[in-house]
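Structure first, then comments.
The values are calculated or read from the model by the stated rules, or taken from the named source; none is laboratory data. What you see is a predicted model; the values in this text were computed from it and never measured. Here the Cβ positions follow ideal geometry from the backbone for every residue, glycine too, while neighbour counts run over all protein chains shown.
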Ligand code: B12
């Protein structure tokens, strides 16, 4: 506990201790008190927060944030507009579709899942049916990458934790890992996005060097699954929690899983800002990662 943190005799703690228990900076806890989201009683020059209010605040923060409800007349219509712009390489029109939705309050995770991913699936179908050349597909992917980068939030304030995002070696699909990086950044993670073709041992080195709490391995090309598992094993051996995605798995589920892991480890080691390193694996383990529930990817910590 930091100097000045004090447990009160009335079943509460002062604000500095509450901030520590919540894993946030004092100023953040103070802002929550001022906004009324964290109940507190003024005692002299500080505030006192009841133990049960700290506990229920921790519980509320652990719940995945409900995506803000934005009014979109029809997602399929928006997807259709984006798809047509991507097919003709009209970057301005494609960016306009996404930017208008963002201006209406659509978070980047929603845009990735409801707008970009469905349009990209249609691009994939068009390519598979020979209606779209490789060059046109590359043009469309490039536009989507730039839209994502443009709309990704810049991390502000103290991060929830440190995450490393990479794609399995042999999997050239960097876009889904970029989506994962954007989704985590939007949820206040500090993200090191390594893109594609990172050798597992070097992935692990970087995870250690950055003291990352969480490693996300994105997988789109099923042929690269063994490589994804090798990356996951190497990353897991560092003590970080690891999640592996799969085609069609949800970014909202990734964010929720990351939060769960964060909350669990914050409980285990109060005062630590990020995730605590997970238990080191038994010698010779972990074996192949078990298949995760559909749509959630696979988590191991
Ligand atoms: C763009 C693209 C490419 C580009 C990638 C460029 C880039 N910068 O990413 C390039 C040209 C490199 C490419 C190459 C190939 N591609 Co390709 N590609 C696509 C396309 C059109 C979009 C990919 C994409 O971004 N998907 C993102 C969304 C749409 O998919 P998603 O699975 O729902 O993704 C979600 C999750 O991954 C999640 N997520 C991300 N990370 C994480 C992590 C966790 C833990 C969790 C929980 C979730 C999560 O976020 C995403 C959004 O929700 C897809 C079409 C498709 N259906 O995906 C084909 C597709 C994936 N490609 C395909 C193929 C066949 C190939 C090639 C083999 C073609 C070839 N003969 O060379 C090569 C493989 C190269 C390699 N070694 O990997 C097939 C795969 C078929 C199969 N069943 O395996 C597809 C489906 C096209 C098709 N309809 O046939 N491709």
Quickly run through the range 97-113 and pick out the residues that are in contact with a helix residue (DSSP H, G or I) (Cβ under 7 Å, 6 or more places away or on another chain), in contact (Cβ under 8 Å) with a residue 24 or more places away in the chain and closer than 16 Å to residue 85 by Cβ. 98, 101, 102, 111
I need a count of the residues in the range 183-223 that are over 17 Å from residue 154 (Cα atoms) and in a helix (DSSP H, G or I). 12
For the range 118-135, state whether one or more residues are assigned by TED's automatic domain parsing to the domain that holds residue 95, more than 10 Å from the ligand (Cβ to nearest atom), surrounded by 24 or more Cβ atoms within 10 Å (Cβ to Cβ) and modelled with pLDDT of 95 or more. no
Given the conditions (1) touching a helix residue (DSSP H, G or I) at 6+ places or on another chain (Cβ under 9 Å); (2) modelled with pLDDT under 95; (3) more than 7 Å from the ligand (Cβ to nearest atom), which single one is not true for residue 207? (2)
Of the conditions (1) crowded, with 23+ Cβ neighbours inside 10 Å; (2) in contact with a strand residue (DSSP E or B) (Cβ under 9 Å, 6 or more places away or on another chain); (3) modelled with pLDDT under 95, residue 266 fails just one. Which one is it? (2)
From the option list 99, 145, single residue qualifying as farther than 20 Å from residue 252 by Cα and not assigned by TED's automatic domain parsing to the domain that holds residue 187 is 99
Say whether the condition of being within 11 Å of the ligand (Cβ to nearest atom), touching a strand residue (DSSP E or B) at 6+ places or on another chain (Cβ under 8 Å) and part of a helix (DSSP H, G or I) is met by at least one residue in the range 157-171. no
Going by the conditions given, is residue 88 surrounded by fewer than 15 Cβ atoms within 10 Å (Cβ to Cβ), more than 15 Å from the ligand (Cβ to nearest atom) and modelled with pLDDT of 95 or more? yes
What are the residues in the range 233-265 that are more than 17 Å from residue 184 (Cα to Cα) and more than 10 Å from the ligand (Cβ to nearest atom), if any? 233, 234, 235, 236, 237, 238, 239, 264, 265
(1) buried (at least 20 other Cβ atoms within 10 Å of the Cβ); (2) modelled with pLDDT of 95 or more all hold for residue 213 apart from (2)
Residues in the range 181-192: is at least one in contact with a strand residue (DSSP E or B) (Cβ under 7 Å, 6 or more places away or on another chain) and surrounded by fewer than 21 Cβ atoms within 10 Å (Cβ to Cβ)? yes
